[in-house]
Amino acid sequence: MGIVTADIGISLDGFAAGPNQSLEHPLGEGDTERLHTWMFAYADEHTEEIEAITSAGAYVMGRNMFGPVRDEWPAPGEPFGDWHGWWGDESPYHAPVFVLTHYAREPLETVGTTFHFVTDGIHSAVDQAREHAGDADVAIAGGAETLNQALWAGIVDELRLHIVPLTLGGGERVFDRVPPLDLELIRQRVTPEVAHLSYRVLR
């Protein structure tokens, strides 16, 4: 069986998104695009880290990471009724994705990916992801609140922080309300764009 990993890009002051997230500012206000510039503008320099993120057999993410819709899901034909994620019709996740939500809906099939919507919590989402992943890893894809839930629940085996040299001053912070963790550094690599730090979560 694989392990449960978690990758997240954060600022030096620990934020994975800035304040006031919205349709116009999916990552919040501020220079938040820089949190992921290393993955796109400098992909060739970070192939190892990108491959580690994209090799999971299934993913778990929060509803905010899937889209801007809150409350009940809109019907087809309504605004956002045909929403397939921030990335459009073809997501970067080429494995099943389990989205945490309070509102049930049928699975959504897109190019290379099926989104399953889980209403009974992080443990259920990870258990379902494990079933689909088989011997491959399950990845907590974010955002900060979902990662914090997973850390609180004690289900993350390997935490991979991608720390970008900027501060945001506010927003969605990693480790908020998370009990003390015992971490063992297992990998590190620093480039001008980002510091990659991977930790084993000790229990």
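Percent of Cα pairs in the range 148-203 per distance bin of 5 Å, from zero to the largest separation: 4, 17, 23, 23, 21, 11, 1. Under the combined filter of DSSP loop state and at most 14 neighbouring Cβ atoms within 10 Å, the range 37-106 retains these GluC sites (Glu not before Pro): Glu72, Glu90.
On the accessible surface of the chain, probed at 1.4 Å, how many percent belong to carbon and sulfur atoms? Carbon and sulfur: 51 percent of the exposed surface of the chain. If you take the Cα centroid of the range 1-60 and the Cα centroid of the range 111-185, the two points sit 12 Å apart.
In terms of overall dimensions, the chain has a Cα radius of gyration and Dmax of 16.3, 49 angstrom. Taking each residue as 0.36 nm, the span from Ser22 to Arg187 lengthens on full extension beyond its C-alpha to C-alpha distance by 56.0 nm.
The values are calculated or read from the model by the stated rules, or taken from the named source; none is laboratory data. In this text the structure is predicted, and so the values were computed from the model without any measurement. So basically every Cβ, Gly included, is an ideal-geometry build from the backbone, and we count neighbours across all protein chains shown. Just so you know, the surface numbers come from the protein's heavy atoms only, side chains and all, with ligands and any DNA or RNA stripped out. Shrake-Rupley method; radii C 1.70, N 1.55, O 1.52, S 1.80 Å.
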